[in-house]
Amino acid sequence: MKIQLFLLTSILLVFSQVALAQTKITGTLIDSVYNRVLESTTVSVYEQGKKSVDKVTMTDRYGKFEILESFAGKPLILELSHQGYEVIRFDFQLSANEKKDFGKINMKQILNEIDVVDLIPPVRMNGDTIEFNADAFQLDSNAVIEDLLNKLPGMVVWGDGAVTYNGRTIPNVLVNGKQFFGSDMAIALQNIDKKAVDKLQIYDKRNHEEKEKDPEGKKLEMNVVLKEGKQNMLFGNIGAGYGTEDRHQTSLNVNKATKKAQITAAYSGSNINKDLANIDQLLKNTTFKGIGINADFTPDFLRQGILEQQIIGGRYQYDFNGEGKPNLQHTATGNVTARWNKNRNKDESNTILLNPESTDHNFRSYSSENEQEWRVQTANFTLNKFNYNYQQDKRTINYHGNVWMDNSKNDDSNSSLTTYDYLNNQSYNKLDNSDITYRKNLSYNGSIDVQAKPNYSIDGKSQLSFVENLSVNLQLNGNFNDAQFESFKMGDYVNLLDETLNKLSNRNYDQDESSRNFNSDLLVKHRLFGLRNRISFNNLQTYNLVSDLIENDFQKNNDLSHDSKFNQLEYEPSLEFYKTLKSKYLNGRYYYSFNLNAALGTRIFRYTNVSSLDYRNLEQKFNSFLPSLNFSYNYSKIGKYYTYHNIGYKYNEEYANLNQLRPIYDDIYPAYRYFGAVNPLKATGVHLINYRWSYNQQRQYASSIYATAEYRLYTNGLTDSLVYNENQQQNFTVQIPDGMHLLTFNLNYSKPFPIKKNHSLTLNVTANGNWGNKFQFVDGNRQEMINSRIGGNINAYYTILNKFQLGWKNDLNYYTRKDKLSTDNKNDYSSTAWNSGLAAAYQLTKRWTLNSSVDNRSNFSKFQDNNALIWNANMTYRLLKGNNLEIKLEALDLLRQNKGFYFYDGVTEFTTGNRNILTQYYMLTLSYMPRKFGK
């Protein structure tokens, strides 16, 4: 606990020292002829003698502007520009903490068009799109787009890489109207040279109907417009490193783009727990980004085992249009990868029963060693066509299609020992497994979205016909999967109470499996109602041959060998209703709307299983009524804040699957058996009531709050009935008529703080928790467990632009369990997990950077406490004119304290254990980052 308190005290002391007073500039712009305020006028502040803007903003709906900055002691120029008006300039200088109000400033219209000078201001409104002129902001010669964002008014780059504009998140970034080498925006923001950028555009990406329904509920997107010729670019990262303990890593990615095409070739290999799943992930983790503490491409010191990985792949994207318009996209993308993983795992754990009949015999231990090799080849092809039309006589039609194919082989060798020390079961079971799995899979998904024509009205009446008001959305997905499993298991079971039960097993498994599934969702929607049809079909065919070694000969095991065919069908038709009960829009002041969404649906559910094992021949039929009701309320005080409320009710039903009803028992695990359901099971009803609320200020340094609360009531819920029988622990699935309750909540608060010029603090606080009851039976005795969990995290980042970043992360989870029906507290317990970390990055010069992080992991429980302190540090030095040759020296787990401890909070038992994990090593890495923008 001391280290957490030390980190908390340190971070608060640092933050308390950085808040400084600022100068303040205000004013109001007015048309000199008509005496009306001028909205969206560009307000720029320059230091005299410089051409680049120092600070820029725009006037609000009331013609007002406000600039907070540290301008003391500098001769400055205030420039005001608005299209069609004469540019106004003021020379001024401020003392420390001075607040200067320029009052009402009259702007004169330009009467003679010959006098108009075509100068692009630093920021302007172009229709509904905000445009930033990149050349107006002077940065370091090696700056990237992310550095530019830190200079833009309204923009905040958070410590974790998220981007907001006037308090609203920008989750997606396009380059010349299309995705840039994948879907992660860091690939564009942290690679593209700022000098290659013409302008940045920010706009609401919603369609016409969504904007009409909620004018202020904007969903922002950013488009980076490159200068002519700069679409031709080459960038990437080529690096290799070697360290102590024979640790090594190699990575390579080369990316080339033209006006219409993007192509990537990439490779990564390491044995330091870097697990990459695709090309996009590799590109995101090897960008040209500058100073920062969120180094994503780092070893995972919390991952179980030691991973060796090699991945190679390529990516190609083609833009059929090549026009660079975000509302007109037609692209095809292909990805091909080959991946090889090798894992070595060791695991040791101890389990205590929480409701023992004897305190001397309530213990189970487990140990295992596992080696796994996995080879997989994947191919992924995507076609997107978006054409957003806003003309009254045109519909918007969008298409999307994706096909994913993979071919894999998995070799898995495992040895384990389980020891039981129960009152009626004292035994051990040793197993040696050797498994090989071959799998081929093809998955697909696609969608067609035909939107209604843009609505327009005369005297409040729509001019569209019924058909013109209809929209159609069809979504399809499914897969074809074929797999072959070959397995050999050797079991040695020894019963310490009755040696006649001792058993040696040598068993072969040979299984072929073929599955097909198809899902479709069709919505035909009018502005007031919609008809939805969902269909899901699943088919699984299994051919399983199991044989045992008996007297030096493998003979078929008739209890486990089987052929089966499983079919499942779900059909959900529903009628949906949409109604705006009340709304009002007062331009420039406020907007609100009160909306109703409701649905009446039903589900027809059928499945059959035909098997050569008689007890597995099963048919289930359910017909469910599925109503839902939602009320939402939006309110915006325009230019100030936007808030959203939603409360809803939904009913659903869940059904027991085949293995819950009729499981297959493999007696190679004689000390434990799962029986499934003894009696027929009804559908489980789930009543859900949820509430969502959000509040977002509309300014650069805005507060944002998001909260949800959900209540679920389960009727006829499924639970376990445990029987600690003589020589065997048995598990049955039973149904509880009494209601089981689950209450959950989530709260997220975020706020950026301006400290002074180029200094910022971003804070994110989350809290979450749940409370519920859980019924179960143990040896015929009914128990009701009250479970509760509360947790949260605090992330704070203090940044001095291009110089220093300090981050503090905390994650806390507290869990309690109480046996409501027990007269003592032997089944009650609590546990706490607290992870706290402090990280810093300091750029000593433009070439030399130091990074260090200290992470403390702590677990506290009724039975055992654990603690580990992980200290990592690295130093990087960059060479060449473009800072694109990097030497990096890393020292990881300097204190050699990393431990793979863990614990599980079970309903009837508590498990604590240790796994092998990555520990101390040192590494030297050399990386070269080729960069060329333009021919």
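The values are calculated or read from the model by the stated rules, or taken from the named source; none is laboratory data. Values in this document were obtained by computation on a predicted structure and should not be read as measured data. Cβ coordinates were reconstructed from backbone atoms using ideal geometry, including for glycine residues, and neighbour counts include every protein chain displayed.
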Regarding Asn455, is this residue surrounded by fewer than 16 Cβ atoms within 10 Å (Cβ to Cβ) and in the same structural domain as Ala483 (by TED's automatic domain parsing)?
yes
Collect the residues in the range 292-313 that are under 24 Å from the mean Cα position of the chain (by Cα) and either in the same structural domain as Trp808 (by TED's automatic domain parsing) or at pLDDT 90 or above (or both), keeping them in residue-number order.
Leu307, Gln309, Ile311, Gly313
With the condition kept exactly as written, say whether any residue in the range 560-578 is assigned by TED's automatic domain parsing to the domain that holds Glu486, touching a residue at least 60 places away in the same chain (Cβ under 8 Å), surrounded by fewer than 17 Cβ atoms within 10 Å (Cβ to Cβ) and under 30 Å from Tyr642 (Cα atoms).
no
Which number in (1) surrounded by fewer than 17 Cβ atoms within 10 Å (Cβ to Cβ); (2) small (Gly, Ala, Ser); (3) closer than 28 Å to Lys55 by Cα marks the one condition that Ala767 misses?
(3)
Does Glu86 fit the bill of being touching a helix residue (DSSP H, G or I) at 6+ places or on another chain (Cβ under 9 Å), surrounded by fewer than 17 Cβ atoms within 10 Å (Cβ to Cβ) and modelled with pLDDT of 80 or more?
yes
Sort through Lys584, Lys556 and tell me the only one that's within 30 Å of Tyr642 (Cβ to Cβ) and without any contact (Cβ under 8 Å) to a residue 40 or more places away in the chain.
Lys584
Which one is farthest from Tyr695 (Cα to Cα) among residues in the range 630-672 that are part of a strand (DSSP E or B) and β-branched (Val, Ile, Thr)?
Ile647
Considering Lys260, Lys325, Lys284, Lys289, which residue is over 29 Å from Asn914 (Cα atoms), of a type in the set (Lys, Arg) and at pLDDT 90 or above?
Lys260
Do we have Gly324 as within 16 Å of Phe180 (Cα to Cα), surrounded by fewer than 21 Cβ atoms within 10 Å (Cβ to Cβ) and over 26 Å from the mean Cα position of the chain (by Cα) here?
yes
Among the strands (runs of 3 or more DSSP E) lying completely within the range 854-934, list those that include at least 2 residues that are surrounded by fewer than 18 Cβ atoms within 10 Å (Cβ to Cβ), of a type in the set (Phe, Trp, Tyr) and assigned by TED's automatic domain parsing to the domain that holds Arg789.
900-905, 921-928
Within the range 680-701, residues in a strand (DSSP E or B) and either touching a residue at least 60 places away in the same chain (Cβ under 8 Å) or in contact with a Pro (Cβ under 8 Å, 6 or more places away or on another chain) (or both) come out as Asn696, Gln697
Within the range 838-853, track down each residue that is in a strand (DSSP E or B) and out of contact with any helix residue (DSSP H, G or I) (no Cβ under 8 Å at 6 or more places or on another chain).
Ala839, Ala840, Ala841, Tyr842, Gln843, Trp848, Thr849, Leu850, Asn851, Ser852, Ser853
Of the residues in the range 475-513, those that are loosely packed, with under 15 Cβ neighbours inside 10 Å and either part of a helix (DSSP H, G or I) or of a type in the set (Gly, Ala, Ser) (or both) come to Glu499, Thr500
Which condition does Val43 not pass, out of (1) without any contact (Cβ under 8 Å) to a residue 40 or more places away in the chain; (2) in a loop (DSSP other than H, G, I, E, B); (3) surrounded by 18 or more Cβ atoms within 10 Å (Cβ to Cβ), if it passes all the others?
(2)
In the range 897-935, what count of residues is obtained for those that are among the basic types (Lys, Arg), over 30 Å from Ser788 (Cα atoms) and modelled with pLDDT of 90 or more?
2
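So is Thr331 of a type in the set (Val, Ile, Thr) and in contact (Cβ under 8 Å) with a residue 40 or more places away in the chain or not?
Here the answer is yes, as Thr331 does meet what is asked.
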Within the range 702-724, considering residues that are within 24 Å of the chain's Cα centre (by Cα) and not in a strand (DSSP E or B), the one surrounded by the fewest Cβ atoms within 10 Å (Cβ to Cβ)
Ser703
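Please determine, by comparing only the residues of the range 547-587 that are charged (D, E, K, R) and not in a strand (DSSP E or B), which one is nearest to the chain's Cα centre (by Cα). Please lay out each step first, then the result.
From the range 547-587, those charged (D, E, K, R) are 548, 551, 553, 556, 559, 563, 565, 570, 572, 576, 579, 582, 584; that's our starting set.
Retained after the next criterion (residues that are not in a strand (DSSP E or B)): 551, 559.
Numbers: Glu551: 55, Asp559: 44 Å.
Selected residue: Asp559.
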